[in-house]
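Q: Shown below is the structure under consideration.
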Amino acid sequence: MKKCVKRGGKEICVSENGIDNKNGKKNIYLLGGSSFFNDVGSEMITPILPFYINALGGGGVAIGLVSGLREGLSSLLKLLGGWASDLNGKRLPFVFLGYFISAIFKILLFFANTWQAVVAFVSLERFGKARDAPRDAIIAVSTNNRGRGFGINQAMDKAGGIVGMIIVILILWKLNLEFKTIIIIAGFVSAISLIPLFFVKEPKIKIKGDKSLFSGIKHLDSRLKYFIFVSCIFTIANFGLQMFLLLMAKDITGSMLTAMALFTLFYFTCAIFTIPFGSWSDRIGRKRVLGIGYGLFIFVGLGFVFLVDGITSLILLFIAYGLVYAMTQSNQLALVSDLSGEHKGTALGFYQFMIGIVNIPAGLLAGYLWDISPKTMFIYITIIGIFALIFLNSVKESKIRNRS
């Protein structure tokens, strides 16, 4: 519930963790601004990446490897970043360092001349994801309505993706620039993400008791550990699937620009609906919204097996996949935060660590199945999605409090 305190003779309403509402909202939008600019740069690169890898001689396994490693190799850093921010009592320096690393390795990607080098630089760029758990912990303590708070961050992140995609489409269409030129521009755009961080305010925290990493993980709520397990099952199906959807769209339409336009539609759908679905989970519970999202993912998988036959079906499936992301990504983070107690950095880091580790074998296996046939891969991820939905049924969430 809302808590109000006297400060300087004025009554100020604060979150459960002591940040007043004004600064809490500012934090969410400032962190969202950093996500926006970083994702403008990231999504200038992501849609051309599978085509760039193909041009350098890489096939489905190479793309699956990139999809997995983009998250997998950064996983340990996410965990350590979250735990270290709990230990240090300050999260913002880790957020700043993460965005800095991300911008630097985007720029260095310009120098890659083989698909193996692309894999290496893309993976190293993702080490900047060490920022995620500390950033998400700041969001979690900045508002009582976490579904909406994480939804705002995800929406601004996806809005950056839309802008990045539109820029790439216009550059390729009007200017016909080389992939390398797009990559270097993207790197400098991402560097702008550092500016909003200078204005974020966070409370200094003190974690009581044993502060060791393994002890922090060991004492996480059993409900949280089970939900992380369920999220990992879902991740096996919903790994870095976007790259394969781009290739599928190009194969069906025969146009790389059309494939990118469809990918922009996916981002646009996600950006529009993330905040409403986050607010909805604040009111009716995370599990219900996640269940609908998992179910819709199964429909998308089946759609790419049995329904896709032209541009109309592709448009519907890309919109549906955007809704899946809008329902699942921010609400999974919100549920982890709900169940994490005061060790939010460690809990969020452990969640992201496990998701990232799972991404590596999931991406490789999916890439192997893609090389057999795209339909084989989509049948496989649909079956895994069904198992994830079944396991989600046993998740126990916290009672919804103060979702006004």
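The values are calculated or read from the model by the stated rules, or taken from the named source; none is laboratory data. Predicted model, so just to flag it, every value in this text is computed and none were measured. Counting neighbours? That spans all protein chains shown, and the Cβs are built from the backbone with ideal geometry, glycine included.
Q: Output yes when any residue across segment 318-340 is touching a Ser or Thr at 6+ places or on another chain (Cβ under 7 Å) and of a type in the set (Phe, Trp, Tyr), and no when none is.
A: Of segment 318-340, the ones touching a Ser or Thr at 6+ places or on another chain (Cβ under 7 Å) are 319, 322-323, 326, 330-332, 334, 338-339.
Those left that are additionally of a type in the set (Phe, Trp, Tyr): none.
No, segment 318-340 contains no residue that is touching a Ser or Thr at 6+ places or on another chain (Cβ under 7 Å) and of a type in the set (Phe, Trp, Tyr).
Q: Being part of a helix (DSSP H, G or I), modelled with pLDDT of 90 or more, over 21 Å from the mean Cα position of the chain (by Cα) and not hydrophobic (A, V, I, L, M, F, W, C) is the filter here, so list the residues in segment 351-404 that pass it.
A: The answer is Lys375, Thr376, Tyr380.
Q: Filter segment 277-299 for residues that are over 19 Å from the mean Cα position of the chain (by Cα) and within 17 Å of Ala320 (Cα to Cα) and give the result.
A: The answer is Gly295, Ile298, Phe299.
Q: For segment 239-270, name all the residues that are outside any helix (DSSP H, G or I) and on the phi < 0 side of the Ramachandran plot.
A: Listed by number, the residues that qualify are Phe239, Gly240, Leu241, Ser255.
Q: Please verify whether segment 295-313 includes one or more residues that are surrounded by fewer than 22 Cβ atoms within 10 Å (Cβ to Cβ) and under 27 Å from Ser222 (Cβ atoms).
A: Narrowing segment 295-313 to residues surrounded by fewer than 22 Cβ atoms within 10 Å (Cβ to Cβ): 295-296, 298-299, 302-303, 305-313.
Within this subset, residues satisfying the condition of being under 27 Å from Ser222 (Cβ atoms) are 295.
Looking through segment 295-313, at least one residue is surrounded by fewer than 22 Cβ atoms within 10 Å (Cβ to Cβ) and under 27 Å from Ser222 (Cβ atoms).
Q: Among all residue pairs at least 6 apart or on different chains, which show Cβ distances below 7 Å where the first residue, located in segment 76-98, is surrounded by fewer than 24 Cβ atoms within 10 Å (Cβ to Cβ) and modelled with pLDDT under 80 and the second is of a type outside the set (Gly, Ala, Ser) and part of a helix (DSSP H, G or I)?
A: Leu76/Phe353; Ala84/Phe94
Q: Inside segment 341-350, can you point out the residues that are in a helix (DSSP H, G or I), over 16 Å from Arg126 (Cβ atoms) and not polar (S, T, N, Q)?
A: Those that are in a helix (DSSP H, G or I), over 16 Å from Arg126 (Cβ atoms) and not polar (S, T, N, Q): Lys344, Gly345, Ala347, Leu348, Phe350.
Q: Among the residues of segment 356-382, which ones are closer than 30 Å to Val141 by Cβ and surrounded by 23 or more Cβ atoms within 10 Å (Cβ to Cβ)?
A: Within segment 356-382, Gly356, Asn359 meet the criteria.
Yes or no, residue by residue, for (1) closer than 25 Å to Leu87 by Cβ; (2) at pLDDT below 90:
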position	(1), (2)
Ile192	no, no
Pro203	yes, yes
Lys208	yes, yes
Leu213	yes, yes
Leu220	yes, yes
Tyr226	no, no
Thr235	no, no
Met243	no, yes
Ala249	no, yes
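Q: Here's another thing I want to ask about it. Of everything in segment 251-270, what is touching a Lys or Arg at 6+ places or on another chain (Cβ under 6 Å) and either within 30 Å of Gly341 (Cβ to Cβ) or at pLDDT below 85 (or both)? Give them in sequence order.
A: Of segment 251-270, the ones touching a Lys or Arg at 6+ places or on another chain (Cβ under 6 Å) are 256, 259, 267, 270.
Scanning segment 251-270 gives Met256, Tyr267, Cys270.
Q: Among the residues of segment 223-238, is any assigned to a helix (DSSP H, G or I), in contact (Cβ under 8 Å) with a residue 40 or more places away in the chain, touching a Leu at 6+ places or on another chain (Cβ under 9 Å) and closer than 21 Å to Ile45 by Cβ?
A: No, because not a single residue in segment 223-238 is assigned to a helix (DSSP H, G or I), in contact (Cβ under 8 Å) with a residue 40 or more places away in the chain, touching a Leu at 6+ places or on another chain (Cβ under 9 Å) and closer than 21 Å to Ile45 by Cβ.
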